[in-house]
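Structure, as structure tokens:
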Amino acid sequence: MTGSRAVAPRLTLVGGIDDATGVVTGATFREQEDAAGYLEVLRATLRRFGVPAAVYRDRHRIFEASDRALTLEEQLADVRLPTQVGRALDELDIVSIAAHSTRAKGRVERLWGTFQDRRVTARRQPGAGHPTAEV
Amino acid sequence: MLATLLPRFDRRFSVARPPIRLRAWRPAPGRAATERICCLKYRRVVANDHAIRAGAQMSVTYNLGVVSEAAPIVEAADPAGLWAFDCEVASLWCNRCEAVDGTNDWRITDIWDDVFFDYRQGICPEGHTRVMMD
């Protein structure tokens, strides 16, 4: 697909940014926002920078499934099992802070705006590979 | 594309790390530990009819005597045990790294004996070779 009018695949960009420095710690394209994408970003962050003290994230159910009904196994154990990403954050002893609004995590939201401006143009240049292979 | 865009973004928009005493970053665990943590994990239970529920049902088709040995290994989520039981069911486990690595990092090659498929060979990210499927 080349040219600015070509129809590009609809993808979701999952990423993280260091709130202190503005460095993008990791980002990956996924067909939808999913746990595997967040784990890929977490893996890239660990490899490049190490373990962050805390993550400031949205209230997506990928991080904390607090509103679903307990499974039979959870009822018997009287505990809510963590999500895949929640379990990884727990194992790494990373504090997970849920933002109450998109405005609260303004830095990453601003990053999406910048990427939508610049990334789409770069994406449509001739020779660009399939985006899901990128991290 | 992201590999070139992200460094350019960082150079243009990032700022110096603030001089504070609080350590915001800790050293990462080793590669094997990172892979062990940053993966999808599912608890599996082997039913009395030797079936394992994994989305659609998957059946453990070993003979009835062997499945009783496989069941506790599956339920304990022990990839080293699965490797020892049958290397094909521990498909991304490297017994030398003692870690499960993501599919994208393995170099997988089909080995052919003339026109007949012989076996599938995999090389883990650390360069260890193993048979993936025979």
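Relative to the longest principal axis of the Cα atoms of chain A, the long axis of helix A:106-123 makes an angle of roughly 40 degrees. Put a plus charge on the Cβ of each Lys and Arg, a minus charge on the Cβ of each Asp and Glu, and nothing anywhere else: the dipole of chain A about its Cα centre is then about 840 debye. Counting Lys and Arg as +1 and Asp and Glu as -1 over every other residue whose Cβ lies under 10 Å from the Cβ of B:Gly127, the net charge comes to +1. In whole angstrom, note down how far apart the Cα centers of the stretch A:12-43 and the stretch A:70-90 are. Using only Cα atoms to place each centre, the spacing works out to 23 Å. The residues neighbouring A:Thr25, those whose beta-carbon lies less than 9 Å from its own, together hold a net charge of 0 under the Lys/Arg +1, Asp/Glu -1 convention.
Across peptide A:44-52, the mean count of Cβ atoms from other chains lying within 10 Å of each residue's own Cβ comes to 5. The mean count of C-beta atoms from other chains within 10 Å of the C-beta of residues in B:23-32, rounded to a whole number, is 5. Computed on the stretch A:8-135, with alpha-carbon pairs under 8 angstrom and 6+ residues apart, the relative contact order is 28 percent. Relative to the longest principal axis of chain A, what angle (0 to 90°, nearest 10) does the C-alpha long axis of helix A:35-48 take? Rounded to the nearest ten degrees, it is 80. With a Förster radius of 51 Å applied to the beta-carbon distance between B:Asp49 and A:Asp93, the computed FRET efficiency rounds to 0.80. Peptide B:6-17 has a mean shielding of 5, counted as Cβ atoms of other protein chains within 10 Å of each residue's Cβ. With the charge dipole of the stretch A:1-107 set up from +1 on Lys and Arg Cβ and -1 on Asp and Glu Cβ about the Cα centre, the Cα lying farthest toward the positive end among the listed residues A:Ala99, A:Thr28, A:Phe63 is that of A:Thr28.
Computed from the coordinates by the stated procedures, all read-outs in this text should not be read as laboratory data. Since this is a predicted model, take the numbers as computed values, not measurements. Methodologically, a virtual Cβ is constructed for each residue, glycine included, from the backbone with ideal geometry; neighbour enumeration extends over all protein chains shown.
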